[in-house]
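Laboratory data are not the source of any read-out in this text; all were calculated from the coordinates shown. These numbers were taken from a predicted model, which means no experiment stands behind them. Cβ placement follows ideal geometry from the backbone for every residue including glycine, while neighbour counts extend to all protein chains displayed.
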Amino acid sequence: MATAYQNRDLIAALPSVGLVMFLLIGGVREVRSLKPKYDEPVKLEILDVAEVPAPPPPEPPRLPPVKPVTPQPPQVQPPPVKAAPQQPGPQSSLPSATPAAPAMPAAPVAAPVAESAPPRQAEAPPAPPAPKANVEAEFVARIRAYLNSVKRYPTGREASLARPEGSVRIWFVLRRDGSLVEMGIEESSNSGLLDEAARKSVSRGSFPAFPEQFKPGEQQHKFVVDLQFKPTGG
């Protein structure tokens, strides 16, 4: 006990010494566990200068178009004219300039008298065109009169013995120039000789052209004519 009391200071310092030793040992272990870390090697890529495209040359600045200036000839100014010095002379009592006489008023000019033109004779008004209905009726009557003038009574032994008599209603179609298109018997006379004579009268006929006012919208027209046949002589 006496020894422990004498060494009380040393015993009291033991925990501190142990703590210091523990820290020193732990620090050494940490230092040993640490390994130096070096930076990763840098990979350098060497590019071929020929593969790298050269940057395009900068475009030159565009200047505004310069308008051509037309040189103008220099204007030559005439030299100033020096006034001649006036010589002193005797002053006259008369005025230097004679006053101008007052202008006479111009006489009025008479306007030329226009010659009177001779009176124009009144022109006769043009005759009014004939009514369309009258033109059509006159042309149809003209066709009928023409056929009755060219018809011929049938000839031959049979006609001279039978001596037929009667009326034949025949129809026919004409073009505007008067040419025949077709024809037929609309109402027979009950005699073949008279019907055939009516057909021959139409086929041998020479018809006139249509007037302008006759059926202007038609290229051809159908006519119907009654032909009367009577035997001649006793």
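Spin-label point model (7 Å from Cα, Cβ direction): what's the A12 to E165 distance in nm?
Inter-label distance under the simple model: 19.5 nm.
At 7 Å along the Cα-to-beta-carbon direction for both M21 and R144, put a label point, then send me their distance in nm to one decimal.
In this crude spin-label approximation the distance works out to 17.0 nm.
In whole Hz, what ³J(HN,Hα) sequence does the stretch 179-195 give by Karplus (6.51, -1.76, 1.60; θ = phi - 60°), x for Gly and Pro?
7, 7, 9, 7, 7, x, 8, 8, 9, 7, 8, 6, 9, x, 5, 6, 4
Mind running the shape call on the stretch 132-180? Use the C-alpha gyration tensor, a ≥ b ≥ c as the square roots of the eigenvalues: rounded below 1.5 for a/c, prolate if a/b tops b/c, oblate otherwise.
Prolate shape, in that a/c is at least 1.5 and a/b is the bigger ratio.
Show me the GluC sites (Glu not before Pro) within the stretch 157-219 that DSSP assigns to loop and that have at most 15 other Cβ atoms within 10 Å of their Cβ. Let's see the in-between values first.
Numbers: sites: E158, E165, E182, E186, E187, E196, E212, E218; in loops: E165, E212, E218.
Here the sparse-neighbourhood loop sites are E165, E212, E218.
Grab the other residues whose beta carbon is less than 12 angstrom from that of E182, score K and R as +1, D and E as -1, and report the net.
+3
Between beta-carbons, use under 13 Å as the cut-off and find the net charge around R152, counting Lys and Arg +1, Asp and Glu -1.
+4
Given R₀ = 25 Å, FRET efficiency for S179-R157 by Cβ-Cβ distance, to 0.05?
0.10
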